[in-house]
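Peer 1: Before anything else, here's the structure in question.
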Amino acid sequence: MDPIVQTYDIPGLAIVKIDGRPNDIPVLEIVLKDEYKGDLNDLERANGLPAGVLFRGSNDAAYSSTELAKFIEVMYQWDFDRDGAYECDDILHAINLAFWQAPGTQEFHRPDGGIYTDTLMRIMPPQPDRHIMLSFGNLKPRIRLRHYLLALPVLAAILGLVQLQIKLLPWTRNSVVSVVGKSVGAFGLIQTIIGLITLEVLVHLLYHDKPHVKSTMSPRTYGFFNKAAVYEEQAFREGSERWNTRQRIISCFAFGALHMVNLWYPLATILPLSLGGGLFMWVYLRTYRRVPFRRSAVLESSITHRVYNKLVLLALGGFLIVVGVAFVGSMLVGGIVVLGTFGFVQVGGRLIDTRRNRRQILEPSKG
């Protein structure tokens, strides 16, 4: 039988105590060690807890605690000496027994669905053996100036490379939507629709038995764009510390190519977005070398990715505002010109009519 009080010393991470004495309701206490440098240090401590205590709670309080959920994720992947053996399985099992159920971890799934996406996923390097759902709450408070300093030049470089590629290779301006439009012009609307339906039927026949796995975005990361950035970093960067150079290049290419599922993206975006993926991977690997824990590396690259997406949306919004203002302005100017021209014609016509009438009146008097 397990002892009533269990204490676990996790190298480089924390001391965990499970105390089952008070009223037979287990109390879990987690005290982080000073040498731990991961992102658990950023979690807000509950009121009244001593310094260094990450969590202390029991029963239902343990199930609903964000601190405990994140700590379990950390333990699930903890390999302090990097020997390939995880060091917290016994502790996780003890927590399961003490609390009857632990906050469950969901299995992570890379993108799937469709021949194109599945082909890209087949060439991807292997996933980490413990690739779980990561939870970061709200990313906004973690954004720093350095993230903007990284994302701004990347955005400018990507936009410049897209324009350069279109200039050098004009055919790369095509997207799926533009190709369909050209097919309509070349073959006719009915023939194009028949071709698309035939293609869809063939894809369905090839994939009708393949189960589709729903994307697994982090449930405790708040905001759609935050979830999307974290998900892509998990899919294309997490685990890259164990990949070779060729595998990292393939992952970056797959990241750029996957964006073509957005039917409006031109072909010219694949390579520039692949270079953007290379920057996110550099951020991931740099962080992992400083703090050898995947969670911290995914967090840092996710924040950089989120800031980049934010700048893209701001640039797109600014462009639409400029286009809208220019359109409205041109309409106003055009309206003023039309009204001015109409008024000028009206006034000129009246002057001509006045002179003509005066002439008709004066000519009989001369006779």
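Throughout, read-outs are computed from the coordinates displayed, never taken from laboratory work. Predicted model only: the values in this text are computed from it and were never measured. Ideal geometry is used to build each Cβ from the backbone, glycine not excepted, and the neighbour counts take in all protein chains shown.
Peer 1: Taking the stated definitions as given, is Glu233 within 12 Å of the chain's Cα centre (by Cα), surrounded by 18 or more Cβ atoms within 10 Å (Cβ to Cβ) and over 14 Å from Met121 (Cβ atoms)?
Peer 2: Here the answer is yes, as Glu233 does meet what is asked.
Peer 1: Identify all residues within segment 240-293 that are among the basic types (Lys, Arg) and closer than 27 Å to Tyr36 by Cα; write none if there are none. Let's see the steps before the verdict.
Peer 2: Going through segment 240-293, the residues among the basic types (Lys, Arg) turn out to be 242, 246, 248, 286, 289-290.
Arg242, Arg286, Arg289, Arg290, listed by residue number.
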